[in-house]
Structure formats: C-alpha cells, structure tokens
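See below for the structure under consideration.
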Amino acid sequence: MNYSDDRRDNEVIFNPDAFPKPLQGVVTDPRKLDNSLFTMVHSELVGMFTSELQRQAASRAEMQMDEAFYDNKQWSDDELLVLASRGQAPLTFNVIASAINYMLGMQRRAPKDFRVLPRRKDGLAASQLKTELLKYVSDTSNAHAHYAKAFKDLVRAGIGWLETGHMVDYDREPVFEGWESWRNVLWDSSGQADDLSDGRYLFRSRWTDLDSCVAKFPKRQRLLEESCQTSYVMSTTGNNISIIDAMGDDAMDAREYEYWDQADYVLRPGTMTRRRLRLVEGWYKRTMTTDVIKGGDFSGEIYDPWSRGHYADLDSGRAKLMRRPRQIMHVAVFTDKGLLYHGPTPYRHNRFPLTPMWANRDAETGMPYGMIRHIRDAQRDLNKRLSKSLHILSSARVFYEKTTDVDVEELRDEAARPDAMIGYAPGGKPPTVETDYNLSQAHIGLMGMDMDFIQNISGVTDENMGRETNASSGKAIIARQTEGQLSTSHYFEAERSGRKHHGDKLLSLIEQFFSEHKMFRITNMRGNPDWEEINVVPGDDISDITMTKADFVLDETDWSATARQAQAETLLDLMTKLAATAPEIVIATLDLVVEALDVPKQEELVKRIRQVTGQNDPDADPENPDEETMALQAQRDAQAAMQARAAEAELASTEAKAMETAARAKKTQAETRKTLQSLASGSLEDIKKSLEVAIQMIGAPAVADAADQILYAAQRSAESAAQPQGPMPPEQPPQPIPA
C-alpha cells in the first residue's frame, strides 16, 4: 500500500499526545471504564448532555405544547380552573388537526422513489443491484411507516428523526431503517448544517427495564442497580409519588410520569416490581490521525481494512493512503453513574446514525418549530370565543329589586332553564331576564376570522381539502390550490432533503455490511417476485457491490396530487388539440403522456404502449440495455428486416412490370410501322376494310387480341416465304411514309 506524508501549508499539524490511544478501541471492561481516563470522558459526556438539555429546554417545552394542541389539549390548567368556576364549558374546535392531517395525507399519497447511480461506467450493474437491495431493505424495515412518523414530527413539532444502522441479530437483515422521537434526542445546537455534519455530539435517551440492561451489560450490574436509585425527582400528581431520573425534562419523561401515576406506587421497600433506569447513547467526535484514501472511487474515506473495494483501489495503484487528522465519530453508552460501553463508530460513513428533517428554524437560536407554532394563538382564541358564545347563549341576566324577598340562587337556576317559571308577589314588579344575543354573534364573527387566519397562515385552504368555497371557476380553484401548495412546499422539501442525507448513510451501510453472497427477493408493481444475487464472486465488479462506490439519488416527483391532476389535464388538453392536426405526434408521445398520469398499473400501461409504438425508455442506458430492452430491439430489427425485404420485392415487381411494358410498347411500335408501310402500298379499299375491322375490334378487346395473334403469325409466315436463300441483307432503316 502506498503512503504519502506530503502536507499542504494550511493543514493543522496533529499532536498525538493530546488524545490517548486507549480511546481508539472498543472498551467494555469495567476495570478500564472506571479508570481516571474514562471517568473524565463520562464527566464530559454528562456535561454535554445536561448543558444541551438546559439550552433546549424552552424550545422543547414549546414543541411539547404544539403537539398537545394537535392532541386536543388546548386549554391550560389555569384556564380550566377559571372556566370551571364560571360554569363555562371548555369547548375545543380543533381546526389545527384538520390542517395537519391534510399534510400527513399528502405525504402518504406521494411517496418518493430513489435510484443508485454509479460513479464510473463499469459500476452500472452493481448500482442497479444496490437499487434493488435498498428497496429490499426498505421493505424489510417497513421504511414507509418510519418516514410517515418522522414527517408527522416534522410538521407538528418542527423536527423529525430517521435512523439507519447495523443490526447484530443473525435472524434479521444486517442493515435497518427506523424512526426516533424528537423527545428522546438532544443534539449540538451550535451546529448549523441541516445534516449536522458540523455538530460535535448527539444524544439519545431511553428508559429501559433493569433486567434488560443487565442482560446487555452483565459486567456492569452493580452500576446499573445504583443508577436505579440516584438523582430522583418527586412528582406529586394526585396522591401518587413518581420517581424520575433528573437527567430529563417533561417532554422526555412524560410517559414515565404517566406510568408511575397509574402504578399506584408508594415509596416503601418491596412494593415496586418493575425497576427502570435511563440509558443514554452518545455519539461524539474526537480529532485523531488516521489513514485516509486519496484517489479512486473511495477518495476521502477513512481506510477500512475489511473493505475489498478499498484494498482493490490501493493494490491497483488507483489510490494511496495518507495520514491526516480527522474528526472520528465515537459512541458511548452510559447512565448518570458511569460508562457501559465506549468505542469508535462501527460505520464507515463516520456520521451520526440519526438524520434530522427540519421544518422551520428560529433565526437566533436555531431551534426548530413546526406548522402549529404560527397558528396556535388563533386556535386558542377560536376556542375561547366558541366557549364564550355558548356560555352567553345558555346564560341569562336577571334584574330584580333588592327590596324584594328573593332567593338569589334559586332565581339564578330558574332563569337558566329554557322553561323557566319565575314567580313574584302580587302587585310587585317581576324580575327582568335578558340574553345578549348580539354579543354572541360578535364572538361567532371573530371565530370565522380565526378560522380564515388559520387557513391563510397554514396554507391548507378549503380548496386544497376539496370543500365547497366561493370560488366560481375552475381556474380560481386551481389558483387557490396552487397558492396553498406554495405555502406548504417547504415542509415537503425538508422531508426530501432529510431523506437524501438518510439515503446516503443507508447506501454506505449497504456497501459495508452486505459483503457476503446473498439472494434476495423484490416484487414488481404487480406483486410478482423477482430474485437478485449479490457478491456471487468476491472481487467481481459486476455482482460484488463492495467493489464500487455509488450515489443515492431521489427521483423528482411532485408531492401534490392536485398539482399533478392540473398538469395532467393540461397535457391531455394539448394532446386532444394535436390529435386533429398532427396525430403522429400524439402516437409518438403517448407513453410519456400516460407516464405523467396518476393511474393504477401505470408502469405496465407505459410498457405495453412502448411495445406497440416502438418508443424507447428515455431513462434506459443505451450502452447497457436490460434484457427487456434487448428483446424489444431484436423484435424491432426483425420487423425492419421484413419491411425491407417487402420493399425490395415490391420494387423488383414494379421494375419487371415496367420492363415488360417497355418491351410491349417497342413491339407495338415496330408492328405499327410495318402496318403503315403495307397500308401505303395497298389500295384505298383495303384501307377502308382495315378501318372497319379496327372499329369493330375496339368494341371487343378480346377479339382484337386474338386477331393480333393471327395477323402476327400470318405475317411471320409471309416473311419466311419471301425471304431469299443465302446471307440476309443488312436491315434498312424505316422509310418515311409518303404524304
């Protein structure tokens, strides 16, 4: 292998003494994890975790409130107490949930497809296998459900997380896709990149049963038991006492609070049978010197001695190794008491396994927020006015004389009844009961303004959801739909960007961990299984997917069903107009028209249309066609050859007929000259008879043909009899006919 020590002037010279070598390997031995070095590492990780928890506390509380609004929890505890004191119902008319559900439905209706493209020409076959393998991994991981969950977090709270990693279970595929709740994740809030490539750390917190933790880390049982008994926060919800780890907040521990409240737990020995603790998984970067590949397909990657592709590039001289300082990803699992695991990242891509999808980010703090944040105040105001309007309509104001001996509470209850019966003393003045209907109507009018505000800000209008509106024409409806789509398009673009970064990591794991021979199943659009094989021959560039580097690409598909429908209608209208003047253009582009429509069995329809029209797939590689394309091309070549032979036969027949016609014309011309010569030497009576016979023959063409044959035979006999013996004189040119 080739090493190079050349350095650029602006490179940072790395000091190897600053980072001890013990941090470079996997450590699970309790004796090492409890020494001074790893104790310092644990303190650093806990400090990062707790400081980030404090920095994001206000934002996480707002995100938690946003999700509560979607879940119909739109009244605070103080507001509920005030309403209860008034006897006012806390009504909730959840317009926000309708807008969010529309966004979630649009995401599910327009799933994005992906492809893997090679970096060099001879990697095309391997890239096609990688595309099919990625689809297989997505099927086995139920990836579409995870994408939907992450998008739901994106729209509601402002950030969604996708995960990809290596599975060590032998009964499952080695690579998986997943989702993680934003409530369990803390990240380096100083980073600005959407993929967190400039962040230094990321933490994931999980509440786990003690027995499960001991099964995974049997050598650290004592530390795990101690972690169940430290850093408690007492929550007195009702009459119960909840024990929650201090390294968390309400958003992270809401379910644990709910669990302990329902467990009827009292703080005395022997009453709790399920012991739980918080595990924290931390990913952080340390700057270290390492071998980096320069040149070849894998240029810039950290050298992996287990990679056949890395070794092939180095062995062939296409690449060389260089010692460079790099931020190496490390992973640690710990509790508040100590480390359970520490080691370098097992992933070649050297990135965080969790990928964020950002909706909106605050300009000052960089904290995320979703669609609900903009319309939360309007939703709160709408609920208050709805509750107030109902309270006004169901309440009455009563005016009575204080000098009258009246039971006030009895009068209040009776006046509130629709069939009230209020008595008064004879001769006295009856109480006056009034209901302010005008004030109720004013609140209802403001409610309508709140609903319009929610629609205008969110971009999810009645036209988008197919409701009846005041738009009278189709163009007006489409214009309003388009306006709403522009207001919500950045949420779908955020999903696309996050899935692109997630796909890059997933492809890297595919190239790293699918290194053995494997046959896997994929299904086509009709549900029929197809079978593919990878790594049939190790080191083979065709089937060995570890030998080449490829790129993950998302197909550009329109996320909006209404936009696709409008474009399809425009395209069909254009084809209708062209059919009257240029039908050949319609036939030539029919496959592209059907491909643009949102119809079932679309691929099969396009395939059959191209078989009939003979059009090629524009996405197919002309230099490396698949079997279907080759069969179609062979069929076209056979049809072209048959058409060429038919054209040649028709041309030969035409030429033969032309030659026959020319010969007949020449013969007729010679006979005509002879006849005219004989007529010139004959009498007028013979000419007259000949003309009469000719006129009769015109009426009977069949007789004329027979007469021609007889005359021709007689003429030949006469010429033979008159011909002298001996050599024949030279043929004389025809003489002109005398006038």
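The values are calculated or read from the model by the stated rules, or taken from the named source; none is laboratory data. Remember, it's a predicted structure, so these values are computed and weren't measured experimentally. Counting neighbours? That spans all protein chains shown, and the Cβs are built from the backbone with ideal geometry, glycine included.
Some notes on this structure:
- Where Arg385 falls short, out of the listed (1) closer than 30 Å to Ile454 by Cβ; (2) among the basic types (Lys, Arg); (3) surrounded by fewer than 21 Cβ atoms within 10 Å (Cβ to Cβ): (3)
- Residue selection: Gln56 fails the criterion of being closer than 30 Å to Val185 by Cβ, of a type in the set (S, T, N, Q), surrounded by 17 or more Cβ atoms within 10 Å (Cβ to Cβ) and under 22 Å from the mean Cα position of the chain (by Cα).
- Pair list, Cβ under 7 Å, 6 or more apart: the range 119-135 residue assigned by TED's automatic domain parsing to the domain that holds Met519, other residue part of a helix (DSSP H, G or I) and at pLDDT 85 or above: Lys130/Leu507; Lys130/Ile510; Leu133/Ile510; Leu134/Leu506; Leu134/Leu507; Leu134/Ile510
- Qualifying residue in the range 293-305 (condition: buried (at least 19 other Cβ atoms within 10 Å of the Cβ) and in contact with a Phe, Trp or Tyr (Cβ under 7 Å, 6 or more places away or on another chain)): yes
- For the range 118-138, the criterion of being at pLDDT 90 or above and out of contact with any strand residue (DSSP E or B) (no Cβ under 7 Å at 6 or more places or on another chain) is satisfied by no residue at all.
- Residues of the range 576-606 classified as hydroxyl-bearing (Ser, Thr, Tyr) and either within 19 Å of Pro618 (Cβ to Cβ) or modelled with pLDDT under 80 (or both), total: 1
- Qualifying strands (runs of 3 or more DSSP E) (wholly inside the range 107-183; at least 1 residues being hydroxyl-bearing (Ser, Thr, Tyr) and surrounded by 16 or more Cβ atoms within 10 Å (Cβ to Cβ)): 159-166
- Test: residue in the range 318-325 that is within 30 Å of Val46 (Cβ to Cβ), more than 33 Å from the chain's Cα centre (by Cα) and not small (Gly, Ala, Ser): yes
- Looking only at the range 23-36, and only at residues there that are surrounded by fewer than 14 Cβ atoms within 10 Å (Cβ to Cβ) and either of a type in the set (Lys, Arg) or closer than 28 Å to Gly191 by Cβ (or both), the one that is modelled with the highest pLDDT: Arg31
- Qualifying residue in the range 66-84 (condition: over 44 Å from the mean Cα position of the chain (by Cα) and at pLDDT 90 or above): yes
- Any hit, the range 502-519, residues being aliphatic (A, V, I, L, M), out of contact with any helix residue (DSSP H, G or I) (no Cβ under 8 Å at 6 or more places or on another chain) and surrounded by fewer than 16 Cβ atoms within 10 Å (Cβ to Cβ): yes
- Some residue of the range 554-566 being surrounded by 16 or more Cβ atoms within 10 Å (Cβ to Cβ), in contact with a strand residue (DSSP E or B) (Cβ under 7 Å, 6 or more places away or on another chain), under 25 Å from Gly123 (Cβ atoms) and at pLDDT 80 or above: no
- Within the option set Ser205, Ser190, being of a type in the set (S, T, N, Q), modelled with pLDDT of 90 or more and under 23 Å from His342 (Cβ atoms) holds for one residue only, Ser205.
- Matching residues, the range 181-198, being out of contact with any Asp or Glu (no Cβ under 8 Å at 6 or more places or on another chain) and closer than 13 Å to Thr355 by Cβ: Val185, Ala193, Asp194, Asp195, Ser197
- Residue match in the range 311-330 (condition: part of a loop (DSSP other than H, G, I, E, B), closer than 27 Å to Asp34 by Cα and touching a residue at least 24 places away in the same chain (Cβ under 8 Å)): no
- When residues in the range 69-82 are screened for being part of a helix (DSSP H, G or I) and crowded, with 17+ Cβ neighbours inside 10 Å, 2 of them pass.
- Of all residues in the range 461-476, none satisfies being modelled with pLDDT of 70 or more and in the same structural domain as Trp358 (by TED's automatic domain parsing).
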